[in-house]
Amino acid sequence: YDTFNPLTSSYEIRYWTIKAAPILNDAEDISYIVFSLTDVTEVINLAENERLAYEAVELQRKQLYSLFMQAPVAIGIFIGPNYIVELANPTLCTLFGRTEDELYGKPIFEVMPESAGVGIEDHLDSVLYTGRPYVGTEQQIPVMRRGKQKIVYFNFVYEPLHEVDGSISGVIAVATDVTEQVHYRHRLEESEHRVNMALEASNLGVWDLDIPKDVITRNSRYDEIFGYKDSNLPWNSEFLMEHIVPMDRERARMAVKKAYLRTGKLNAQARIKWPDGSLHWIHCIGTVYYNEKREPVRMLGTIQDITERKEKERHKDEFISAVSHELKTPVTSLKAFCQVLQRKFVESESPVAAEMLGKMNTQINRLNIVIQDLLDVTRIEGDRLQYRHDTFVFNELMSEIVEEVQRTTDTHTILIQNTDPGIEIYGDRERIGQVLTNLLTNAVKYSPGKDLVIVSLKREKDTMVCSIKDFGIGIPPEKHNSVFERFYRVKENDPSLVSGLGLGLYICHEIIKRQNGMIWLDSSVGKGATFFFSLPL
């Protein structure tokens, strides 16, 4: 009941225990009653606090149990030296291939005899008797799953279970099944081993460029390709460029720039100088990786010493050049004789013979083109192709070439549209005209059944971009990089295509590259092709 407390000047609840004793007189009647009052407020409060504490502990225990049972990792509590299972959550039951009823209240190794004798008991004993936790990584444990024994890999922690008095009554185990990760790592290691064996067999150097930091990580073969045995060299892009001969550096930089900004792929060849002064050829292939802002952050690739292959190609080119030169004189004479005979038959009114000689003259012209292409290729490979640079208006050259090619075809209309006027460039007018002629004749050749080719020209910052679009058979995307390689032809076995050596686009690529420009295409099968090339203004 409420009692006034003069110290606090307020009422507060107090609890009392009351005892009443009757006092009797001589006649054994009650004369009066003696009461004794005991203030038991503190006892009641203490009992209430104990009750609330017990309820809180019980609630905490239930919450902890619920947490254990819902945990995504396996949790078990094992009591005593026989490791009686006091708790096994569903994840643990699944990993061990047993139900909770099969495990609960039984010694763990009695229920799971297949897991005994592999060293787990020693780790549990150590934790139980020393109190020191134990951490295991990728421990192999045999378990039964669906009636079959399997080897499973676990990461686990054993912690001592302490009672209130500090004694250790058991072990708490927390485990994670890492079998899939271990198998994946083993497969990855096996794959890496195979890749390394392949790289060693192919003599490839492997490199990894961290673009923001400009640091190149590589294997030992990379250093050997550059003539070094020391693997502690400070490789970065500038150190690499120092090894490339000056004539090839700008071309190498343009190839890297193109990979970063446009294609995402690097495919370049260059000459390098070894520390001993000898010259060697390298072939670099790489793939660019970008961040979420589409900024290049990494490039992985391989490098190969192709000096021996280049030497063989040089001998082959010398042979082709010699043969081409030898063919050029008789073919020129043959063309002259053919033209003389054609005029005579025209004068003598023999139209059939004149027509046949006209067709013969056309074939001789084609043969001349093939010979000229072979000579150009050998000159390109030997850096002997002559360039005569001058400033000229590109629009005028483009109009001239379009008019010339238009006169050779009556199946297609070549249309100039979307052209910026008065674009001046500095370069070899004749060689750039050769590129335009080749791209336009290709557009006509490879769009049979169509009647339109569109030529466009525009300024883009400090460059001009010319495009030639046809509506023909197209080129699959995976072949886009290959079409500029020497002797490469798309679907070369398709009889519907025009015959050729596959040199035209290679020559175009080399001419544009040596004019500090770039050439590329946009195409897909059945939707035509658009070839682009850019040159500095």
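Laid out as a table, the results:
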item: Some residue of region 130-139 being open to solvent by 50 Å² or more (accessible area, probe 1.4 Å), β-branched (V, I, T) and under 42 Å from the mean Cα position of the chain (by Cα); result: yes
item: Test: residue in region 488-510 that is at pLDDT 85 or above and of a type in the set (D, E, K, R); result: yes
item: Region 34-56, subset open to solvent by 90 Å² or more (accessible area, probe 1.4 Å) and among the aliphatic types (A, V, I, L, M), residue nearest to T91 (Cα to Cα); result: L46
item: Residues located in region 259-275, provided they are farther than 19 Å from K310 by Cβ and either open to solvent by 50 Å² or more (accessible area, probe 1.4 Å) or at pLDDT below 90 (or both); result: Y260, L261, R262, T263, K265, P275
item: Pairs, first closer than 14 Å to L535 by Cβ and open to solvent by 10 Å² or more (accessible area, probe 1.4 Å) in region 416-434, second modelled with pLDDT under 90 and among the hydroxyl-bearing types (S, T, Y), C-beta under 8 Å, six or more apart; result: R431/Y387
item: Qualifying residue in region 140-150 (condition: of a type in the set (S, T, N, Q) and in contact with a helix residue (DSSP H, G or I) (Cβ under 8 Å, 6 or more places away or on another chain)); result: yes
item: Exclusive hit being among the hydroxyl-bearing types (S, T, Y), farther than 30 Å from N291 by Cβ and touching a residue at least 24 places away in the same chain (Cβ under 8 Å), set T176, T130, T137; result: T176
item: Test: residue in region 63-78 that is open to solvent by less than 40 Å² (accessible area, probe 1.4 Å), in contact with an Asp or Glu (Cβ under 8 Å, 6 or more places away or on another chain) and over 23 Å from R146 (Cβ atoms); result: yes
item: D39 being among the charged types (D, E, K, R) and touching a residue at least 24 places away in the same chain (Cβ under 8 Å); result: yes
item: Residue that is in a loop (DSSP other than H, G, I, E, B), farther than 30 Å from E238 by Cα, aliphatic (A, V, I, L, M) and free of Cβ contacts under 8 Å to residues at least 60 places away in the same chain, where the choices are V164, V143, V157; result: V164
item: Unmet requirement for K335, which otherwise passes all of (1) open to solvent by 50 Å² or more (accessible area, probe 1.4 Å); (2) at pLDDT below 90; result: (1)
item: Matching residues, region 145-161, being over 16 Å from A74 (Cα atoms) and modelled with pLDDT under 90; result: R146, G147, K148, Q149, K150, I151
item: Test result for T94, under 23 Å from P72 (Cα atoms), free of Cβ contacts under 8 Å to residues at least 24 places away in the same chain and open to solvent by 60 Å² or more (accessible area, probe 1.4 Å); result: yes
item: Region 518-528, residues that are at pLDDT 90 or above and under 28 Å from the mean Cα position of the chain (by Cα); result: M518, I519, W520, L521, D522, S523
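Conditions (1) open to solvent by 80 Å² or more (accessible area, probe 1.4 Å); (2) more than 28 Å from K293 (Cβ to Cβ); (3) of a type in the set (F, W, Y), marked per residue:
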position: L209; (1), (2), (3): no, no, no
position: K213; (1), (2), (3): yes, no, no
position: R218; (1), (2), (3): no, no, no
position: D223; (1), (2), (3): no, yes, no
position: E238; (1), (2), (3): yes, no, no
position: L279; (1), (2), (3): yes, yes, no
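The values are calculated or read from the model by the stated rules, or taken from the named source; none is laboratory data. The structure presented is a predicted model; accordingly, all values stated were derived computationally and were not measured. For neighbour counting, all protein chains shown are included, and Cβ atoms are generated from backbone atoms with ideal geometry for every residue, glycine included. We work out accessible area using only protein heavy atoms, side chains counted, and drop any ligands, DNA or RNA first. Shrake-Rupley method; radii C 1.70, N 1.55, O 1.52, S 1.80 Å.
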